[in-house]
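Enquirer: One structure is given below, represented as structure tokens, and several questions about it will come after.
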Amino acid sequence: MVRTMKLPDRVAALKRDFLRLIKFSIVGAIGAGINTWFLWLFTDVAGLFYLYSSVIAIEIAIILQFLMNDRWTFKEKRTTHVEQFFKRIIKSNIWRSGGLAVNIGVLYLLTEYVGVYYLLSNIAGIICAFLLNYLFESRLTWGIR
């Protein structure tokens, strides 16, 4: 039996999803700043190759964004115990690996083939990975339908 939502329920669901998307975007902007700062730190200060720095910076941003999303964006589905925390953070890393691949791919292509400064290429990669990350995280990590 297929359950259909009444129009007011659909509107309410869309509003909740839109507000979550706004919160996810704010967390994403903070994460982009964290990612970019660590990318610069590891590349320009520590001297690592920018693609290696990117992987480390993205992982740091993923963990911090997970914590912010868990406590704010998806607070109605907030993690309540240690086992659930580890399951979710592992899921988050798995789902975001697609975004990581998109981000690093764009970073590499724009930097190596177009000649864009690596920090600007990174921002373009983050933007390209954003929607993929939101869809995977909201649906698969926190079970939002």
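Enquirer: Return yes when Gly125 is under 17 Å from the mean Cα position of the chain (by Cα) and crowded, with 19+ Cβ neighbours inside 10 Å and no when it is not.
Expert: Answer is yes for this residue.
Enquirer: I'm trying to understand the selection: among the residues of region 109-118, which are surrounded by fewer than 17 Cβ atoms within 10 Å (Cβ to Cβ) and within 21 Å of Phe42 (Cβ to Cβ)?
Expert: Passing the criteria: Leu109, Glu112, Tyr117.
Enquirer: Kindly list, by first and then second residue, each pair from a residue in region 72-87 that is in a loop (DSSP other than H, G, I, E, B) to a residue that is surrounded by 13 or more Cβ atoms within 10 Å (Cβ to Cβ) and at pLDDT 85 or above, limited to pairs with Cβ atoms under 8 Å and residues at least 6 apart or on different chains.
Expert: Matching pairs, first to second residue: Phe74/Arg20; Arg78/Asp70; Thr79/Asp70; Thr79/Phe85; Thr79/Arg88.
Enquirer: Okay, next question. Of all residues being outside any helix (DSSP H, G or I) and modelled with pLDDT under 95 in region 1-46, which is farthest from Tyr118 (Cα to Cα)? Just the residue, please.
Expert: It comes out as Met1.
Enquirer: Please give the number of the condition Val55 fails out of (1) surrounded by fewer than 18 Cβ atoms within 10 Å (Cβ to Cβ); (2) without any contact (Cβ under 8 Å) to a residue 24 or more places away in the chain.
Expert: The failed condition is (2).
Enquirer: Condition first: among the aromatic types (Phe, Trp, Tyr), assigned to a helix (DSSP H, G or I) and within 30 Å of Arg78 (Cα to Cα). Now tell me which residues in region 103-143 satisfy that.
Expert: Phe130, Tyr134, Phe136 - these are the residues of region 103-143 that are among the aromatic types (Phe, Trp, Tyr), assigned to a helix (DSSP H, G or I) and within 30 Å of Arg78 (Cα to Cα).
The values are calculated or read from the model by the stated rules, or taken from the named source; none is laboratory data. Since the structure is predicted, the reported quantities are computational estimates derived from the model, not experimental observations. Virtual Cβ from ideal backbone geometry, glycine too; neighbours counted across all protein chains shown.
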